[in-house]
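We did not get these values from a lab; they are worked out from the coordinates using the rules stated. Here the structure is a predicted model, which means the values were calculated and not measured. Cβ atoms come from the backbone with ideal geometry, glycine included; neighbour counts cover every protein chain shown.
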Amino acid sequence: MTEPTSTASGAIALDGETAARTRKRFPFRLEIDPSRKESPWWMTIVSVVLALLACAIFFAANGKNPWAVYEKMWTGAFTTSFGITETLVKAIPLLLCGLGVSIAYRISVWNIGAEGQFAAGAIAAAAVTIYFPHLPLYATIPLMLVFAIAAGGIWGALTALPKTYFQVNELITSLMLNYVALLLLDYLVFGPWKDPKGFNFPGTPMFTASQSLPVLGDTRLHLGLIFALIAVALYAFVIRFTRWGYELRLIGANPEAARNAGIHIKRHILIVMIMSGALAGVAGMSEVSGVTHRLMDGISPGYGYTAIIVAWIAKLHPVGLVISSVLFGGLIVGGYSVQTMGLPSSISNMLQGAILFFLIAGNMISKFRLSRNG
Amino acid sequence: MDFITQLLVAALSSGTPLLFATLGGILIERSGIIQLGAEGLMLMGAVVAAITFIHTGSLGLTLLAVVAIGAALGWVHSFLTVTLRTNQIVSGLAMTLFGTGLSAYIGKSITGIPIPRAVPKVNLDFLDGVPVLGPLFAHLDLLTWISFALVIAAHLFIHRTSWGLHLRALGDNPPTADVMGIPVQLFRYGCVIAGSMLIGLAGADMLLVYSPTWIEGMTAGRGWIAVALIIFARWNPLRAMFCAYFFGMMDTIGFKIQLIGSAIPSYFLKMIPYIVTILVLMYLGYRNRNKPSGSPEALGTPYIREQRF
């Protein structure tokens, strides 16, 4: 085991009998090629196509024609102007949450709490409308933004502080906090913040025009798109051109080297988690203020979880994030449009999970090489 | 029954699914593989149990189907992590997302249908008059007794058999285990598949015994609590039992407080298990700050013979 190089003779020295047996049975074998670091870009497309094919089995088993299902999803999401704007509307929270988790994954902090941070931002934005109901538009929107950033940031810090001071696994903390945030949201919309004139609907009163994000023309596309694009540009700039971004990349590549270089890793984890939470918080704010115009039960169809896949499929790359968030926005809209065929919209969750499976498998497979035994 | 006894009884019934899932997780993590797909596996176990039981009415077939789906999903996870050596965390997340989506999809038609009592009770009538033991153990269902047996079996397997020794060697130091002649990859496959079966059974237990109606996302984070329980239990089956019942109690304590009539809104009471999970993990982190956590040393690292990278 002291031999770091990868040769077949190493195996024989290690366990001659087994290796000899293996060699007799298989003329070739798979091994990881250490020189291949990145998988080619087309592997992503192959993985997505394979995932769609795998899920086609489930549709076929349910008596649906898979081709018809996918065609319906595609036409629903990408061919009509309504579908396209809806897809972009869904892509906004995905992009913001995806950016949030990407920045955490850069330094291997597994934030899966974007869902809760999204809810925290949405609650904070609604709080502005409850406690400062009569402010004009140019005061309300910035105030909402500040509140949402603070709330998302606090929710992110609640994950980071146990990690940095008590070595608590952030996966568990961030996920537990999702449930806490969603229960808090439910409490507010079923309890103190419920619209008194809302016929018992679990939601706050509708936002007034001065509490809603401006929209483009008569579509539902709102100012949140600009927030998201600015955030992407900032992310790309910070990661590539600033000292802080360099430190993040260094921590991600080699935490040990980063620590030896004098980088304060705990502080970085805290700052990154606050930023990650703040971005998801902005997503929550833009969703309540731009789309639903009220805080209500079930405000997110799992944006925070889909964002994890958005980030992975993009390999944390800013341009990739834009493309993948539009694709997954389309997947959500397509999931709604197949409801007319009697399929539940949760099929988009199933497709997302399958895509992630094939994606990570594809990434690894392209790092393997086939070599001749013996 | 007084309040404390009621609480213990409730802890036992809501702790049993957690116990199955934690035992499965311990078995998987002892072999050095991280399994974060517990939530998805439990949901798949629950929905398969619901569908099979509604259509066949046979408990044996139901459990068989649950074990089969657990094995199939466990095979997917082990193929990805052991053979392809993908990131174990991401593979587990994919399992959770996929399981959540697929269970909602295939369970659509049976949502809200109450499941008739499926699991027979083991009646120990001689315990009926005994104060605490009576209400606790006299009329437990079969799956709870199976979970007791599994705890003891897992403890004996891990700490008293030569295969258990191999398993511990494998989780701490795969190269050494390999030199000892243990088939590392095969053993890991076996552990992940067997553990995933147990996690699937956790979902089935939850559906058949604890809340007998299929609802989308019915596990509500219990799979993740089981992941946390593995850490509380320090990868030890006997501790897992006490941790699972403690969390079972936390799960029901809010409901019990509501019953005696308190002014706290139920939404806050429902937060208790999640917040307690975080607080207990923080306490453990503080107490064990200078000690090893007890986790298998090679947890999360794929093993590749003759290659290091």
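Between residue B:141 and B:122, the built amide H atoms are under 5 Å apart, and every one of these is 5 or more places off in sequence or on another chain. Each helix, a run of at least 4 DSSP H residues, gives -39500 (n - 2.57); summed and divided by the residues of the protein assembly as shown, these come to -22500 deg cm²/dmol at 222 nm. A straight Cα-to-Cα reach below 29 Å connects residue A:367 with the lysines A:24, A:37, A:315, residues fewer than 8 places away in its own chain not being considered. Fewest neighbouring Cβ atoms within 10 Å first, the residues B:125, B:251, A:195 line up as B:125, A:195, B:251. Between 0 and 90 degrees, the angle of helix B:237-259 with respect to the longest Cα principal axis of chain B falls at about 30 degrees.
For the protein assembly as shown, how big is the tail of P(r) above 44 Å, as a whole percent of Cα pairs? Could the numbers behind the result be given before it?
Numbers: 52254 of 232903 pairs.
Counting pairs separated by more than 44 Å, the tail of P(r) holds 22 percent.
Annotation: amide H-H contacts under 5 Å for residue A:203 (H modelled 1.01 Å from N, sequence separation of 5 or more, or interchain): A:195.
Backbone geometry of the stretch B:113-118 corresponds, through the Karplus equation with coefficients 6.51, -1.76 and 1.60 at θ = phi - 60°, to 3J(HN,Hα) couplings of 7, x, 8, x, 4, 10 Hz, x marking Gly and Pro.
Could you estimate the translational diffusion coefficient of the stretch B:207-309 from the Stokes-Einstein equation, with Rh from the Kirkwood formula over C-alpha pairs, at 4 °C and 1.567 mPa s, in whole µm²/s? Write down the numbers at each step before the final one.
Working: Rh = 16.3 Å.
The estimated diffusion coefficient comes to 79 µm²/s.
Identify the trypsin sites (Lys or Arg not before Pro) of the stretch B:98-201 meeting these criteria: DSSP loop state and at most 15 other C-beta atoms within 10 Å of the C-beta.
B:117
Sorted fewest first by neighbouring Cβ atoms within 10 angstrom, A:55, B:191 come out as A:55, B:191.
Straight-line reach from residue B:291: taking Cα to Cα under 30 Å and skipping same-chain neighbours fewer than 8 places apart, the lysines in range are A:163, A:266.
Once the Cα atoms are used to define both axes, helix B:142-160 deviates from the longest principal axis of chain B by about 30 degrees.
Between the helical axis of B:38-56 and the longest alpha-carbon principal axis of chain B there is an angle of about 60 degrees.
Among the lysines, which have Cα under 25 Å from the Cα of residue A:194 when same-chain residues fewer than 8 positions away are ignored? Output for residue A:194: B:270.
Summarising the amide proton neighbourhood of residue A:368: residues at separation of 5 or more, or on other chains, whose placed amide H is nearer than 5 Å comprise A:33. Here the Karplus relation 6.51 cos²θ - 1.76 cosθ + 1.60, evaluated at θ = phi - 60°, turns the backbone of the stretch A:123-138 into coupling constants of 4, 5, 5, 5, 4, 4, 5, 6, 8, 10, x, 10, 6, x, 4, 5 Hz, with x for every Gly and Pro. Ordering B:199, A:239 from the fewest to the most neighbouring beta carbons within 10 Å gives A:239, B:199. When you filter the trypsin sites (Lys or Arg not before Pro) in the stretch B:189-295 for DSSP loop state and at most 13 other Cβ atoms inside 10 Å of their Cβ, you are left with B:289.
Between residue A:206 and residue A:246, what's the calculated FRET efficiency when r is the beta-carbon distance and R0 is 45 Å? Round to 0.05. Once rounded, the FRET efficiency stands at 0.45.
Residue-wise HN-Hα couplings along the stretch B:2-7, as the Karplus relation 6.51 cos²θ - 1.76 cosθ + 1.60 with θ = phi - 60° gives them from phi, are 7, 4, 5, 5, 4, 5 Hz; Gly and Pro carry x.
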